[in-house]
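Computed from the coordinates by the stated procedures, all read-outs in this text should not be read as laboratory data. Small disclaimer: the values here were computed from a predicted structure and weren't measured. Virtual Cβ from ideal backbone geometry, glycine too; neighbours counted across all protein chains shown.
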Amino acid sequence: MLLREVEYARPASVGDAVRLLAERDGARALAGGQTLVNVMKARAASPDVVVDLNGLEELKGIELGPDGTLEIGAMTTYTEIVESAEARARPILGEVCAQIADVQVRNRGTIGGNVCSNDPTNHLPPLVVALGGTMTIRGTGGERTVPAEEFFLGVYMTAAGPGELLTTVTIPAGKADGFASLPIGRDGTCIVNVAASLDGGAPRVVVGCVDAVPVLVRPESAEDDAVRGAVRAAGLQPPDDVHAPAEYRRHLAEVLAVRAVRAAKERAS
Amino acid sequence: MTPETARTIAVDVNGVSYEREVEARKLLIHFLRDDLDLTGSHVGCDTGNCGACSVLLDGVLLKSCMLLAVQADGTSIRTVEGLGSDGELDALQQAFADHHALQCGYCTPGMLMSASWLLERNPRPSEEEIRRAIQGNICRCTGYVNIVRAVQAASGQEVSE
Ligand SMILES: Cc1cc2nc3c(=O)[nH]c(=O)nc-3n(C[C@H](O)[C@H](O)[C@H](O)COP(=O)(O)OP(=O)(O)OC[C@H]3O[C@@H](n4cnc5c(N)ncnc54)[C@H](O)[C@@H]3O)c2cc1C
Ligand code: FES
Ligand code: FES
């Protein structure tokens, strides 16, 4: 496919990247390209400038702090997360990344791109909310942090606005996590997915694929009935499409929430 | 660096160095096929779903319809033309032929690259590992069974019935 004419820049630092993104209205960051390149082919968006983040070592890699906190650079690929010894500090991260798409997409797609594209069917938005992640965003004015549950604003819209970059995803220590999904194939895009974590008090259950943003539900306990009831009370209005009617998605949300919490409980003990 | 609509890039493809000016909007698959005349890699879907365009870039398996050619500047690329040598098939290609792992052959170049990437990292993969490794490659002819058998055979394993 021939893309619309576009300018390409490969900045040498995060500072340069942010400056370029701020200077030009039609500039877009290019991470793994596994969403953006398709969007450009379909001309759903035609940026004037793509600012290639590949090559910015500052945005790559995973650091494990002494307290078990993980600092994951936005440009870290799914494959790097799956293979990282550090990321095993919170095993669910690698387990979920291994379920995304296929080898080729996992080799290119990045944690930053996954959350910044905020496609409602993506795997990582519900996960980072369940794990209580924190997003570090850099703009020309400096750096700020946003809790994951406030990061997702709408379909393809996040707190990292025009002219800004997500630089780091911070995941606190923990292990009592679970993920359950009904993918369309063996791995890959889900009809509904649910991430759950029991670390840090009341369960955090986050349902994906049912709304423009991941839906955080806080059941009173991790008992099956409490989880099911809390998801029902959330009054989800999922989409109807070729893969499933809304009613079935509502049903799946409850079933998968129970499964995700059960998996988290097993990890807790 | 200032944004540009075209750049001169230097790449090594299957051991041959090339320097070419490319437009920023050109996808790597079209650079390989149209500019370098390496038409082994195919365009099946152009949406990142079928894997027919799979190549190794600095040793990493990816779909070349999902990357701009300018992004490949300074890299070393391996395409299906880089398998085998002197007109001889390599063990994997021979196993594909022996086990009827292709019919129309459209998916084969990508399938071979995915299977090569697997065997480099995992010389004796299980059937499940083989199936997961080729998940990003769609074949509309074979039903995959013979492809799995070919990869088993190429890795010196007993071929499942
Ligand atoms: C065949 C196929 C199957 C897929 N299946 C799945 C799946 O099962 N599950 C799943 O979760 N995803 C799936 N995806 C999507 C894939 O995971 C993408 O990699 C991901 O959505 C985007 O990540 P990326 O690094 O490729 O980002 P890009 O495509 O490069 O960027 C996406 C968007 O995010 C912006 N962006 C990227 N990084 C930053 C940053 N650091 N700061 C600010 N903005 C940024 C870009 O400007 C762009 O708008 C699939 C994709 C394909 C092609
Ligand atoms: S043509 Fe690239 S994945 Fe189908
Ligand atoms: S052999 Fe025809 S698509 Fe695979």
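Within a straight-line Cα-Cα reach of under 28 Å, B:Lys26 can be paired with the following lysines, leaving aside sequence neighbours fewer than 8 residues apart in one chain: A:Lys41, A:Lys60, B:Lys63. Angle of helix B:108-121 to the longest C-alpha principal axis of chain B, folded into 0 to 90 degrees and rounded to 10: 80°. Scanning residues 5 or more positions from A:Gly26 or on other chains, those with amide H under 5 Å from its amide H are A:Asp48, with H placed 1.01 Å from N in the peptide plane. Each of A:Leu56, A:Leu182 has some number of other Cβ atoms within 10 Å of its Cβ, and from fewest to most they run A:Leu182, A:Leu56.
So how strong a dipole does the range A:177-268 carry about its Cα centre when Lys and Arg Cβ are +1 and Asp and Glu Cβ are -1, to the nearest 20 debye?
100
For the range A:131-223, the list of GluC sites (Glu not before Pro) that fall in a loop by DSSP and count at most 14 other C-beta atoms within 10 angstrom reads A:Glu220, A:Glu223. Farthest towards the positive end of the charge dipole of chain A, among the residues A:Gly65, A:Ala22, A:Ala244, is the Cα of A:Ala244, using unit charges on the Cβ of Lys, Arg, Asp and Glu.
Antiparallel as a % of all DSSP beta bridges within the protein assembly as shown, to the nearest 5? Working shown, then result.
Details: 53 of 62 bridges.
So the antiparallel bridges in the protein assembly as shown amount to around 85 percent.
A:Ile191 sits among other residues whose Cβ lies under 12 Å from its own Cβ, and their net charge, with Lys and Arg +1 and Asp and Glu -1, is 0. Here the range A:126-195 and the range A:84-124 have alpha carbon centers that stand 10 Å from each other.
Counting other beta carbons within 10 Å of each Cβ, put B:Arg132, A:Arg4, A:Arg108 in order, fewest first. If you can, show how the numbers build up before the last one.
Values: B:Arg132 17, A:Arg4 12, A:Arg108 25.
Exposure proxy ranking, most exposed first: A:Arg4, B:Arg132, A:Arg108.
Per residue of chain B, the DSSP helices (runs of n ≥ 4 H) give a summed -39500 (n - 2.57) that works out to -7000 deg cm²/dmol at 222 nm. Applying the Karplus relation 6.51 cos²θ - 1.76 cosθ + 1.60 with θ = phi - 60° to the range A:196-207 yields 3J(HN,Hα) values of 9, 9, 9, 6, x, x, 4, x, 10, 10, 10, 9 Hz, where x marks Gly and Pro.
Could you give the angle, 0 to 90 degrees to the nearest 10, between helix A:246-268's Cα long axis and the longest principal axis of the Cα atoms of chain A? Relative to chain A, helix A:246-268 is tipped by roughly 80 degrees. Taking Cα centre as origin and charging only the Cβ of basic (Lys, Arg, +1) and acidic (Asp, Glu, -1) residues, the dipole magnitude of the protein assembly as shown rounds to 840 debye. Put simply, the amide H of A:Ala101, placed in the peptide plane, has neighbours under 5 Å in A:Gly188, A:Thr189, leaving out anything fewer than 5 places away on its chain.
Taking the DSSP beta bridges with both ends in the range B:6-82, the antiparallel portion is around 90 percent. Taken one residue at a time, the phi angles of the range B:62-79 give Karplus couplings (6.51, -1.76, 1.60, θ = phi - 60°) of 8, 9, 6, 8, 10, 9, 7, 4, 4, 5, 8, 3, x, 9, 10, 10, 10, 10 Hz. Gly and Pro are set to x.
Each peptide in B:106-112, B:118-124, B:142-148 receives the mean, over its residues, of other Cβ atoms within 10 Å, and ordering these scores from highest gives B:106-112, B:142-148, B:118-124. The C-alpha atoms of chain A define a longest principal axis, and helix A:14-23 lies at about 80 degrees to it.
Taking other Cβ atoms within 10 Å as a rough exposure proxy, B:Ser54, A:Ser13 sort from fewest to most as A:Ser13, B:Ser54.
Can you give the % of DSSP beta bridges in the range A:1-138 that are antiparallel, to the nearest 5? Of all bridge pairs located within the range A:1-138, approximately 35 percent are antiparallel. Phi angles across the range A:150-162 convert, under the Karplus curve 6.51 cos²θ - 1.76 cosθ + 1.60 with θ = phi - 60°, into 3J(HN,Hα) values of 9, 7, 8, 9, x, 4, 6, 10, 9, 5, 7, x, x Hz, Gly and Pro given as x.
The sum of -39500 (n - 2.57) across all DSSP H runs of n ≥ 4, divided by the residue count of chain A, sets its helix-only mean residue ellipticity at 222 nm to -8500 deg cm²/dmol.
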